[in-house]
Amino acid sequence: MLHSHRVRFRFLTAIATVIGAGGAFAQTNVASTNSLPNPYRAVENWAHLPAGIQWGQVISVDPDAHGNIWVFHRSEPNILEFDPSGKLLKSFGTGFVQAHGLAIDRDGNIWVTDAQGKDGKGQQVFKFSPEGKILMTLGKAGVAGSGPDTFNGPSDVVIAANGDIIVADGHGGDTNARIVKFSKDGKFLKAWGKKGSGPGEFDTPHSIALDSKGRLFVADRGNNRIQIFDQDGKFIDQWKQFGRPSGISISKDDTLYSVDSQSDEKVNPGVKRGIRIGSAKDGTVKAFVPDLEPNPQIALAEGVAADAKGDIYAAGVSSMALHKFVKK
């Protein structure tokens, strides 16, 4: 009888472990989110560019504490600041090989990643002041590697409350598949992850965000999931109900925005492309902004963010546009 109780205990423990690892996505069929309500309407041509500046592929977007919207795109100047009316306030930054990730820290500094290397440039993370002065550089220019001072495909960057710098390093193929953490002064602290599909493994960690508790959310795009870690790299959960995430962001009230730019019947059957909006606290998905078919535009976006009012901005790569959505 004692042996029977032990076997039953081990079985129940194993089941609890599986449920804990599966987390909220086990409770939600991602395809069911295709029919969630869409409380938003599109506001196209919101951002105005002056003569002499043209949109390139828009890859990332992030609001600052003043309500201004910062954009990283693949045309020079690469970094643009808009006020809430869509007027261009500032532009700077040139020489990027492949503009990719963007983040604004608590002091208003702008962090960006250059995700490819060519001709002695790229494979780096840069910190700019709001005026465009380079304050810090991580990585070796044009050098791809997996050491403590090199990157190979840095996709995104986020800054923790204590100033620690967290980089999503990898963009599929022969690039890295890891998360790298540095102190606020740029000292390497640790790295975790490798190519794969298990917990703590990645296939294109394309975007990262922090919630109010400091948990790290990773858009593990190639694995059709978001993975959640503490800042020491301990795996907490994985969610699949937010689609195949190219870009994620989390607002101060822990609203989670995830833009799916790639789902189709081959890579993520039954799941439609668009922006899923839900809770970073419990993983519930509450709204869905679908593609503007028959001319998809959201699907062409790989970056997403929301301002303090809840207006959503989507960075269109193929559409080469910044899309805005406001509550109906």
Task: Meets criteria (modelled with pLDDT under 95 and either within 29 Å of Arg74 (Cβ to Cβ) or part of a loop (DSSP other than H, G, I, E, B) (or both)) for Leu256 - done: no
Task: The lone exception for Ser32 - which of (1) outside any loop (DSSP other than H, G, I, E, B); (2) closer than 23 Å to Ile275 by Cβ; (3) in contact with a strand residue (DSSP E or B) (Cβ under 8 Å, 6 or more places away or on another chain) it fails - done: (3)
TODO: Scan Leu80, Leu102, Leu89 and give me the residue that is part of a strand (DSSP E or B), hydrophobic (A, V, I, L, M, F, W, C) and touching a residue at least 60 places away in the same chain (Cβ under 8 Å).
DONE: Leu102
TODO: Pick out the one residue from Lys240, Lys194, Lys266, Lys234 that is in contact with a Phe, Trp or Tyr (Cβ under 8 Å, 6 or more places away or on another chain), loosely packed, with under 15 Cβ neighbours inside 10 Å and not polar (S, T, N, Q).
DONE: Lys194
Open item on the list: Any residue that is surrounded by 23 or more Cβ atoms within 10 Å (Cβ to Cβ), in contact with a helix residue (DSSP H, G or I) (Cβ under 9 Å, 6 or more places away or on another chain) and not aromatic (Phe, Trp, Tyr) - is there at least one of those in the range 286-294?
Closed with: yes
Task: Condition met for Asn176 (at pLDDT 95 or above, part of a loop (DSSP other than H, G, I, E, B), buried (at least 17 other Cβ atoms within 10 Å of the Cβ) and not hydroxyl-bearing (Ser, Thr, Tyr)) - done: yes
Open item on the list: Just to be sure before I move on: is Ser155 touching an Asp or Glu at 6+ places or on another chain (Cβ under 6 Å), closer than 29 Å to Ile134 by Cβ and touching a residue at least 12 places away in the same chain (Cβ under 8 Å) in the structure I sent?
Closed with: no
- [ ] Name the residue, out of Phe217, Phe242, that is among the aromatic types (Phe, Trp, Tyr), out of contact with any Cys (no Cβ under 6 Å at 6 or more places or on another chain) and not in a loop (DSSP other than H, G, I, E, B).
- [x] Phe217
TODO: Return the total of residues in the range 56-77 being within 29 Å of Ala144 (Cβ to Cβ), of a type in the set (D, E, K, R) and either in contact with a helix residue (DSSP H, G or I) (Cβ under 6 Å, 6 or more places away or on another chain) or not in a strand (DSSP E or B) (or both).
DONE: 2
- [ ] Go through the range 163-173 and give me each residue that's among the charged types (D, E, K, R) and crowded, with 24+ Cβ neighbours inside 10 Å.
- [x] Asp169
Open item on the list: One residue is enough: does the range 165-183 have a residue meeting the conditions of a type in the set (D, E, K, R), over 22 Å from Met136 (Cβ atoms) and in contact with a helix residue (DSSP H, G or I) (Cβ under 7 Å, 6 or more places away or on another chain)?
Closed with: no
Open item on the list: Can you tell me which of (1) of a type outside the set (D, E, K, R); (2) buried (at least 18 other Cβ atoms within 10 Å of the Cβ); (3) touching an Asp or Glu at 6+ places or on another chain (Cβ under 8 Å) is the one Ser279 doesn't meet?
Closed with: (2)
Open item on the list: Looking at the range 128-141 only, could you name the residues that are in a strand (DSSP E or B) and free of Cβ contacts under 8 Å to residues at least 24 places away in the same chain?
Closed with: Ile134, Thr137
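The values are calculated or read from the model by the stated rules, or taken from the named source; none is laboratory data. Computed from a prediction, not measured in an experiment: that's the story for all the values here. Heads up, the Cβs are rebuilt from the backbone with ideal geometry, glycines too, and the neighbour counts pull from every protein chain shown.
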